[in-house]
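Below is one structure, written out as C-alpha cells; the observations come after it.
The values are calculated or read from the model by the stated rules, or taken from the named source; none is laboratory data. Keep in mind it's a predicted model, so treat the numbers as computed, not measured. Cβ sites come from the backbone with ideal geometry, for glycine too, and all protein chains shown count toward neighbours. Remember, those area values only see protein heavy atoms, side chains included, never the ligands or the DNA or RNA. Shrake-Rupley method; radii C 1.70, N 1.55, O 1.52, S 1.80 Å.
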Amino acid sequence: MPHSVKKQSYITLAISVLFSVFVVIALVFLNGVVSKLNTETESLAHDMVHGNHKAIDAMIKADVSTITNYAACSSKYKNRVRVDLMSELKKLTEDSGMLNIIIIDEQGESISHRNEKINVSHREYFKKAMNGEIVISESIYSEPDQRMVNVIAAPIYGDYQRVIGVVAGMCNSDVYKDVLNLSVKGHENNAVGYVIDSNGNVLMEGNNLFGDYVPVKDNLFESVFLKNLTEQEITLLKDEFNKKESHGMVSVDTDNGKYVSYYTTFSVDENLHYFVIFPADVVYGKLDEYISKTLILFLFFIGVLALIVIAYFVFTYNSFKALKKANEEITKVAYEDTLTGYGTWGKFEKDAQYLLSQSYRKYAFVSFDIDKFKAINDMFGHEEGNRILKQIADVVNRNLNNHETFSRINSDNFYLLLVYKSDEDMAERIKRIIYALEYEITNFAPVISFGIYRITDNKLTIRKMGDLADIAKRTVKYGERSSYAFYNEEMLKEIREEKHIENEMQNALDSHEFCVYFQPKVSLGETPYLMGAEALVRWIKNDTVVSPAKFIPLFERNGFIVKLDYYVMEQVCYMMKTWESLGYKDIMISVNMSRVHLADPAFPDTLKSICDDYAIPTSRIEIEITESAAFESLEVLTKVFDKLKSLGFHISIDDFGSGYSSLNMLKDLPADVLKIDRAFLTESVNNKRANDIIAYVIKMARSLGMETICEGIESNEQVTLLKRLGCDMAQGYYYARPMAPHGFEEILKKKHDTIKII
Ligand code: C2E
Ligand code: MG
Ligand code: MG
C-alpha cells in the first residue's frame with residue numbers, strides 16, 4: 001500500500017472513531033439533559049409546592065389531633081352533665097379555630113356548644129367514624145354554619161373497644177382553599193391545589209384560577225384534567241397514590257394547553273395527597289435559563305463536531321483532488337510520449353492487449369525504424385531529429401484505421417498493430433506509409449526498414465511479438481532503399497546462425513580461419529594494365545568459403561570488425577613484403593576499413609604502425625571507406641581522411657552511388673579515388689540518363705583531382721562504356737574474381753598478359 005494511502009486510511013479511521021465518540025457523548029449528554037430536565041422540573045415543582053404542603057399538612061395534623069385527642073378522653077361523655085359538656089365543646093372550638101366541634105351519639109344525634117340538635121346519621125363521615133375510622137371528609141355544606149366545611153371525625157370508644165359515639169370538627173373549607181392555591185411570581189395563572197384521597201376523591205379544592213376550564217372535578221381519575229391520559233397511565237397514577245410517601249409528576253397536553261401537576265402525600269395520613277396543577281410554562285419558564293445554557297453548550301458541541309467533520313471532508317476532498325491530479329500526471333507520464341504526443345510503450349502494450357483480446361479480428365505486428373538515424377541526429381542536430389520523429393508519428397497516425405494502434409518504443413523505433421487481411425494488403429499499406437514518410441521528410445531521403453509479424457499466436461506476449469517483427473526488420477536493414485519483410489521461421493534460424501558465428505569469431509581469428517583474397521584492379525587505358533588489387537576477407541571454415549556478406553554486417557554491429565580489419569591489414573602487409581622479396585615492389589593494394597573505426601581517433605596511427613612493422617610504405621596502401629561513412633559524421637570523416645593523407649595513405653571512397661550520394665560532399669573529402677558502385681553500372685548500360693550521370697560523376701571527380709574506378713565489371717560492353725565515359729580503372733569478374741594470395745602471385749608473375757586474356 002502506498003504511504004499516502006496508508007496515512008489516509010489512518011486519518012479516516014481516527015476521524016470515524018472520533019465521530020463515534022462524539023455521537024455517543026452527544027447521546028449521553030442529550031439523555032442526561034432530558035433526565036436532568038425531568039428531575040429539575042420535579043424539584044422545581046417540589047420547591048414551589050413545599051411551603052404550602054407543609055402548611056396544609058400542619059393544619060390538618062393539628063385539626064386531626066384536636067379531634068382524636070378529644071375523642072380519646074370522651075369515653076365517659078354520656079355520664080357527664082350536658083351543660084358542662086357544651087361549655088367544654090365551646091372552649092375547644094374556640095381554641096382550635098374550627099367552626100364547630102360536636103359530639104354525636106350512636107343514633108347520630110349531635111351535641112354542640114350552640115345547643116343545636118341535629119341528626120347526622122346520614123352523613124358519610126359519621127358512618128365511617130362509627131366504623132372506627134378517623135375521617136377527613138370532602139367539602140360538604142353545613143346547614144348550621146351556612147358554608148362549605150370539611151369534617152374531621154374520630155370514633156369514641158367505650159368499654160370493650162366498642163364505638164359509642166363520634167367527635168366531629170367542622171373546618172372552614174375556605175381556610176384550606178386559601179392555602180391550597182400557590183402563587184408563583186411572574187405568572188398570571190398560578191397553580192391550583194387539591195387534597196385528594198387514594199381513590200382520587202377531591203376532599204379540598206383551591207379556587208379555580210383557570211377560568212372556564214376546570215382541571216379537576218369531584219374525582220381526579222374521572223376529571224377533565226386526566227381525560228388525555230391513557231387507561232394505563234391512570235392505573236399507574238392510582239398505584240402511585242397507594243404508595244406511602246409517594247410524590248411525582250404528570251404532564252398532560254390538553255386543548256387549553258400544556259399542564260404539569262405535582263403530587264405528594266401528607267404525613268398525617270398516607271391516603272391523602274396534595275395535588276397541584278400548573279400551566280406548564282410556570283415550571284418551564286423557570287427552566288428556560290437552564291435549558292438555554294444547556295442548549296448553547298450542546299449547540300457549541302455540535303458545532304465543533306460539524307467543524308471537525310467539515311474540515312475532514314475538505315481535507316479529504318483536497319487530498320483526493322491532489323491524488324487524482326498526481327494519478328493523472330503519472331498516467332500521462334506512463335502513457336504519453338512527450339516527444340511525439342502519442343502513446344508510449346506502456347500504452348501500446350495495454351491497447352494491443354485489449355485489441356488482441358477481440359479474437360474475431362486478425363492482426364499484424366509491425367516494427368520499423370530509420371536506418372542510421374543516429375547519423376541524422378549528428379548531421380542535422382537533435383532538435384531536427386526530434387522534429388522528424390514527430391513527423392513520422394503524425395504520418396503513422398494518419399495512416400491508422402479503426403481498431404489499430406501504434407507507438408514510438410524508443411529512439412526511432414516504432415511499433416504498429418494493424419488489422420491483417422492478406423500479405424498483399426499489408427504490403428500495400430506498408431508501401432503507402434513508406435511513400436507518405438518519404439514525402440513528408442524532405443531534407444534527406446530516409447531509408448526505412450519494416451518487419452511484419454502476422455499474429456498467428458495471440459498468446460504470445462506483446463514484447464515477444466515485437467521481437468519477432470524486429471527479427472524480420474533486421475533482415476532488410478541497411479539496404480539501399482526502404483523495404484519490408486514478413487517474419488518467417490527461417491529468420492529465426494539466421495539469428496541463431498549469427499549467435500553461432502559470434503561464439504566462434506574470436507577462435508576463428510586466432511586459428512587463422514580468416515584469409516585475405518585479392519581481386520585485381522585494371523587500368524582502362526588503351527592496353528589494360530594491372531594496377532594492383534583489393535584485399536577482401538574470407539572465412540574458410542571446414543574447407544568452405546564464407547562470404548563477408550554473412551559476417552561483416554554482424555561484426556560491424558558487435559564491433560569485432562575492428563580486430564578483423566587490423567588483422568587483414570597485417571596480412572596484406574605480410575603478403576606485400578613477401579611479394580616485394582619476389583621483386584614486385586610497385587604493387588598497390590587497397591584495404592577495406594569499416595566506418596566503425598571512425599569512432600577511434602587513434603585509427604590512422606594504428607594503421608601506420610602496422611605498415612611500419614612490415615616496413616611497407618603507406619603510399620602503397622589505399623584505404624577504402626564506404627561513402628555511407630559520411631553519414632556518421634562528415635566532419636569526423638574529413639578529419640580522419642586528412643590524418644590518413646598526412647600519414648601518406650591513399651584514400652578511396654567505396655560504393656559511391658549506392659546510398660546517400662552527395663556530389664557536394666566530395667569537395668570536402670581529400671580522397672584520391674572515387675569507386676563507383678556496381679549497382680550504378682548495372683542499371684546504366686542501356687540507360688541514357690544513367691550513363692549521363694556516370695559521365696558527370698567521372699568528370700566531376702576528375703575536376704576535383706580524383707581518379708575513378710568502377711567495380712563489378714562483368715562484361716565487355718561495360719568496359720567499352722566505361723572507357724568511353726573516361727573512367728580510369730575497373731575491377732570485376734570480367735577480369736578476375738577475388739583469389740587466394742598464391743593465385744594473385746601467379747598473376748603478378750605474368751602481369752599484364754594474364755589480365756588481358758580474361
Ligand atoms: P566492396 O569493398 O565493395 O568489395 C567488392 C565486392 O564486390 C566484393 O565482394 C567482391 O567479391 C564483389 N565483386 C567484385 N567484382 C564483382 C563482379 O564482377 N560482380 C559481382 N557480383 N561482385 C563483384 P565481397 O568480397 O563479398 O565483399 C563484400 C563487401 O564486404 C565488400 O564490398 C566490403 O565492403 C566488405 N569487405 C570485404 N572484405 C572486407 C574487409 O577486410 N574489411 C572490411 N571492413 N570490409 C570488407
Ligand atoms: Mg571495397
Ligand atoms: Mg565496393
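Structure values in brief
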read-out: Amide H contacts of Arg147 (H built 1.01 Å from N, under 5 Å, at least 5 apart or other chain); value: Ser142
read-out: In the range 519-588, the GluC sites (Glu not before Pro) that fall in loop regions by DSSP, at most 10 other Cβ within 10 Å; value: Glu526
read-out: For the range 514-748: relative contact order, % (alpha-carbon pairs under 8 angstrom, 6 or more apart); value: 22 percent
read-out: Integer Hz, Karplus 6.51/-1.76/1.60 couplings in order for the range 551-562, x for Gly and Pro; value: 10, 4, x, 5, 5, 5, 6, 9, x, 5, 4, 4
read-out: For the chain, calculated [θ]222 nm from helices alone, where every DSSP H run of n ≥ 4 adds -39500 (n - 2.57); value: -16500 deg cm²/dmol
read-out: Where the chain is the region considered: accessible area per residue in Å², 1.4 Å probe; value: 51 Å²
read-out: Amide H contacts under 5 Å for Tyr614, placed H, 5+ residues apart; value: none
read-out: Where only alpha carbons of the range 514-748 are counted, the Rg and the Dmax (Å); value: 17.1, 49
read-out: Angstrom value of the Kirkwood radius, inverse mean 1/r, which spans all Cα pairs in the range 426-548; value: 18.5 Å
read-out: Relative pair counts by distance (%), Cα atoms of the range 345-487, 10 Å bins; value: 12, 46, 33, 9, 1
read-out: Semi-axis lengths, Å, the range 264-377, gyration tensor of Cα atoms, sqrt of 5 times eigenvalues; value: 83, 21, 9
read-out: Derived scalar couplings ³J(HN,Hα) [the range 119-127; Karplus, 6.51 cos²θ - 1.76 cosθ + 1.60; whole Hz; x for Gly, Pro]; value: 8, 10, 4, 7, 6, 4, 4, 5, 4
read-out: Residues with amide H under 5 Å from that of Ile409, placed H, sequence gap 5 or more; value: Phe414, Tyr415
read-out: Rg [Å, one decimal], Dmax [Å, integer] - the range 453-508, C-alpha atoms; value: 13.5, 42
read-out: Portion, in percent, of the accessible area of the chain that falls on carbon or sulfur, probe 1.4 Å; value: 53 percent
read-out: Gain upon complete extension [Asn119, Asn410; 0.36 nm per residue less C-alpha separation]; value: 91.8 nm
read-out: Alpha carbon convex hull of the range 73-176, projected area averaged over orientations, nm²; value: 6.1 nm²
read-out: Relative contact order for the range 345-487, counting Cα pairs under 8 Å that sit 6 or more residues apart, in percent; value: 32 percent
read-out: FRET efficiency estimate (nearest 0.05) - Cβ-Cβ, Asp425 to Glu635, R0 56 angstrom; value: 0.80
read-out: Net charge of neighbours whose Cβ lies under 15 Å from the Cβ of Leu460, counting Lys and Arg as +1 and Asp and Glu as -1; value: 0
read-out: Kirkwood Rh in Å, taken over the chain so that all alpha-carbon pairs contribute; value: 38.8 Å
read-out: Contour minus Cα-Cα distance for Lys54 and Glu513 (0.36 nm per residue); value: 151.7 nm
read-out: Efficiency of FRET from Cβ geometry, Arg387 and Lys699, R₀ 51 Å, rounded to 0.05; value: 0.85
read-out: Inter-site label distance for Ala334 and Glu717 at 7 Å from Cα along Cβ, in nm; value: 6.5 nm
read-out: Mean separation of Cα contacts under 8 Å (6+ apart) over length of the chain, as relative contact order %; value: 7 percent
read-out: Most positive-pole-ward Cα, Trp579, Val591, Met98, against dipole of the chain from beta carbon charges; value: Trp579
read-out: Rounded to whole Hz, the Karplus (6.51, -1.76, 1.60) HN-Hα couplings of the range 313-323, x for glycine and proline; value: 5, 4, 4, 5, 4, 5, 5, 4, 5, 5, 5
read-out: Label-point gap, in nm, between Asn131 and Ser547 - each point 7 angstrom along Cα→Cβ; value: 14.3 nm
read-out: Charge sum, other residues only, whose C-beta stays under 11 Å from Lys421's C-beta, Lys/Arg counted +1 and Asp/Glu -1; value: 0
